[in-house]
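Encoded as structure tokens, the structure appears first; notes follow it.
The values are calculated or read from the model by the stated rules, or taken from the named source; none is laboratory data. Everything numeric here is computed off the predicted structure, so don't read it as measured data. Counting neighbours? That spans all protein chains shown, and the Cβs are built from the backbone with ideal geometry, glycine included. We work out accessible area using only protein heavy atoms, side chains counted, and drop any ligands, DNA or RNA first. Shrake-Rupley method; radii C 1.70, N 1.55, O 1.52, S 1.80 Å.
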Amino acid sequence: AASNRQWGAAVAAGSAPVWYSRDRREAEQALLKQAHEEVRSLRHQSNHCSAAVCIQAAWRGFHVRKRESEYRARFFKALIFCQTQIRQTQWRKKTTESIKEYLGAGDEGLDLLLSAQEMLHRKAVRRIEGAVRRWAQRRRALKMARKSAVLIARIVRGAVKRRRIMHEMLELADYPAVFFPARYAPTFLVLLNLVLKRCDVPCLPSDHVFGPALVMGVRVPPMDASMCRGPSLLSIMRFGHSCLLRPKRCDRFPNIPWDGPLHKLVVGKDSLPNAIRRRGVAVSGTAKRAFITACVQAPVHPLDEVKEGVTPEEEKDEDLEQGDARRWLLETTLEAQAQKEGSLLEKFVSEARSLGCLARRRPRQHHPIACGGRVDPATGLRSYRSSCWLSQQLLCYRCTSPRMAYELFPLLMRFARETKHPLEPVPFIAEKLVREICAATVIQAAYRAHAERQNLRTPLSQLITRRRAALCIQRYWRWGLLKRRLELIRFADAYVRAVKSTSLFVEERLFTALNLIGGVNRYPPFVRERELGFGYSSEVEDVVLVVPQLLGVRIKRNQPREEARLCQRIRGHCLPAWFLEQFQGLYAMGPDDPSLHRIVGVQGLLTAGLGDRTVEDHPVDVSIPYLKFQTRHTVDPSPALLASSGDFRFVELKFHSLAQARRRALMLFLCTFSSRTH
């Protein structure tokens, strides 16, 4: 009773097993089988909708139709053969019966009948052998057809796979451009036209100019046979990795002559931005002009302008090279005609002849173009504006489609493999490889510069700080008024100390032109000695200093107090006291002093107080053989050398004492001083 109650509870809950009848089970299995068949049918129909199934169905249908046509041909051939055999058998049977009737039953007739049977047997054997041979030949042909189909399929699959790999590795859809050196442009133009004809694209004319690339070739080695071994893709990548390229930087900073950035020095986070200001350059004006002349301010890179500055010697060499190329073209044409028709060299020569251009031969010796500086005729300085050193100019051609790029790359590699000695293969680099090489070159250069800066013993900021501090000190020392005054006084002291006697000798022509020389003011501005002057005083009977600050002052001579008061007043407006101590008797006066005489020029001051002496009183002639030799044998002598011709005539001026001679020498130096030459 308990078990029945449990069974009833399980049935009510729906967890009890349900027993089905046999018919119901078979009906459910039939429905399940029908559902599986419908699913299989839908799957089969969906498979027919895919591209692979369509290609396979077309391929199988083609083979079935081919086999069916072959089967029908064999069937009709076998039918004809059977009809022929039956007719021959009937004809032989009739012939045998007629022969039997003709010959009768004699022994000779039996021999003839036996010979005919043997002949028929032999003929049947030959027919069987021929049929067997034809069957074996058909078997071999089918086997070769299957093998050829497998080989062709393998080649096609390999070509498709290689094309896919090349498209993926070089990304021809996004980077279809090709880069090559500029000196290989004629050869590349001929090969490009061969590819354009294959792609049904209009060919380029012979005067077509390829656009310059945005990179320059630091190292682009010639393509030899060792780099062309193996598959084309591996050869292209191997050659690209052996090149060194850099991006061309031009017209990035239009406001800066050298087309470079202006770096800022940051000493610390809390330092003021103007704590260490930028200073100028500590160079001369000539060096600065040379630097500005060497800067490239045009938007065109000098590597692209190097063809414009070809010298006549280089043009002559190019003309000779073109003449050699014309003779070589005829030799290569004859050689190509002797080769197999349809070869790449024969197509290349025919296309070159149709274009009228000449391919480049292998150079005997490579000379870099514009690898050094040239003298600028305007300034006379060596300018490096057009210098490109060892870099090569690269040209760029962008293919219109990935197919054209895929056809061009293998053709260039094939041309490099099959090219003989007269021709030089074209080294080329794919656009993606160019981008990778340039990126790697820039990253390596930046990292090496960073590593070099890190290896410095002194930090770069400290070096720049020291340099700018040195520039400040040098600028103050070179352009400061103190430095200029010290140079003036130092030269004047050396000039006066060189006087060892009471006589001064002045070259005759210079003595005559002293008034003209002294009338030019060559003193730098803001120099105190610029305001001084010299005059001749009858009270002292010698030359004196004329100081504008003593205007209206009358000082009695030979009185220590008055002289001390005078020195105190003119201090800072005249020559230093330590310098004037060695010139005893050199007095200072105001410009309105009544003892001053009216003197004409420096020549009058130099000869004042010497009496009525003329230039011809005591002349001294000096001849210098070296200058005479230079005058006769120099190609372009200077005007001064031509005027003197090696012979000089000096005027002797005799003074009363050595101190007077030194005072006159000081006056002569200060009146003819020039800040540019001293």
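Of the residues N558, N521, which is within 19 Å of A665 (Cα to Cα), at pLDDT below 75 and assigned to a loop (DSSP other than H, G, I, E, B)?
Working: N558 fails: within 19 Å of A665 (Cα to Cα).
Exactly one residue qualifies, and that residue is N521.
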Looking only at the stretch 228-261, which residues are assigned to a helix (DSSP H, G or I), farther than 19 Å from A439 by Cβ and in contact (Cβ under 8 Å) with a residue 40 or more places away in the chain? C228, S232, L233, S235
Near pairs, Cβ below 7 angstrom, 6+ apart or cross-chain, from the stretch 206-223 (within 17 Å of V190 (Cα to Cα)) to any residue that is assigned to a strand (DSSP E or B) and of a type in the set (S, T, Y): F210/Y397
Of the residues in the stretch 636-678, how many are within 24 Å of L481 (Cα to Cα) and within 60 Å of the chain's Cα centre (by Cα)? 10
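Select from the stretch 618-639 the residues that are within 16 Å of V506 (Cβ to Cβ) and not in a loop (DSSP other than H, G, I, E, B) and write down the one among them that is most open to solvent (accessible area, probe 1.4 Å). Reasoning before the result, please.
Just the residues of the stretch 618-639 that are within 16 Å of V506 (Cβ to Cβ), to begin with: 618-622.
So of that shortlist, the ones also not in a loop (DSSP other than H, G, I, E, B) come out as 619-622.
Values: P619: 53, V620: 55, D621: 118, V622: 59 Å².
Per the criteria, the residue is D621.
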Is there any pair with a first residue in the stretch 465-494 that is more than 16 Å from S674 (Cα to Cα) and a second that is open to solvent by 60 Å² or more (accessible area, probe 1.4 Å) whose Cβ atoms are under 7 Å apart and which are 6 or more apart or on different chains, and what are they? R468/R279; L471/R279; C472/R279
Residues of the stretch 417-461 satisfying the condition of being at pLDDT below 80 and of a type in the set (A, V, I, L, M, F, W, C): L423, L460
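Can you pull out the residues in the stretch 450-462 that are surrounded by 11 or more Cβ atoms within 10 Å (Cβ to Cβ), without any contact (Cβ under 8 Å) to a residue 60 or more places away in the chain and in a helix (DSSP H, G or I)?
First pass over the stretch 450-462, keeping only residues surrounded by 11 or more Cβ atoms within 10 Å (Cβ to Cβ): 453, 459-462.
Narrowing the set further to residues that are without any contact (Cβ under 8 Å) to a residue 60 or more places away in the chain leaves 453, 459-460, 462.
Selection gives R453, L460, Q462.
Taking V496, is it in contact with a Phe, Trp or Tyr (Cβ under 8 Å, 6 or more places away or on another chain), assigned to a helix (DSSP H, G or I) and more than 30 Å from A643 (Cα to Cα)?
Details: in contact with a Phe, Trp or Tyr (Cβ under 8 Å, 6 or more places away or on another chain): yes; assigned to a helix (DSSP H, G or I): yes; more than 30 Å from A643 (Cα to Cα): no.
Taking the combined requirement at face value, the residue does not satisfy it.
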So D593 ticks every box in (1) of a type outside the set (A, V, I, L, M); (2) in a loop (DSSP other than H, G, I, E, B); (3) at pLDDT below 75 but one. Which box is left unticked? (3)
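Given the residues A225, A325, which is the only one that is in contact with a Lys or Arg (Cβ under 8 Å, 6 or more places away or on another chain), modelled with pLDDT under 75 and crowded, with 16+ Cβ neighbours inside 10 Å? Lay out the reasoning, then the answer.
Values: A225 fails: crowded, with 16+ Cβ neighbours inside 10 Å.
One residue alone meets the criteria, A325.
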Scan the stretch 168-180 and tell me whether some residue there is modelled with pLDDT of 85 or more, over 23 Å from the mean Cα position of the chain (by Cα) and within 30 Å of G356 (Cβ to Cβ). no
Out of the residues in the stretch 640-661 meeting the condition of being open to solvent by 60 Å² or more (accessible area, probe 1.4 Å) and assigned to a helix (DSSP H, G or I), tell me which one is farthest from D493 (Cα to Cα). L642
Across the stretch 463-506, what is the number of residues that are within 58 Å of the chain's Cα centre (by Cα), open to solvent by less than 30 Å² (accessible area, probe 1.4 Å) and either within 27 Å of Q603 (Cβ to Cβ) or at pLDDT 85 or above (or both)? 3
Considering every residue within the stretch 39-59, establish whether at least one is modelled with pLDDT of 80 or more, over 29 Å from V150 (Cα atoms), outside any loop (DSSP other than H, G, I, E, B) and open to solvent by less than 80 Å² (accessible area, probe 1.4 Å). yes
Kindly indicate whether R353 is at pLDDT 70 or above and over 15 Å from the mean Cα position of the chain (by Cα). yes
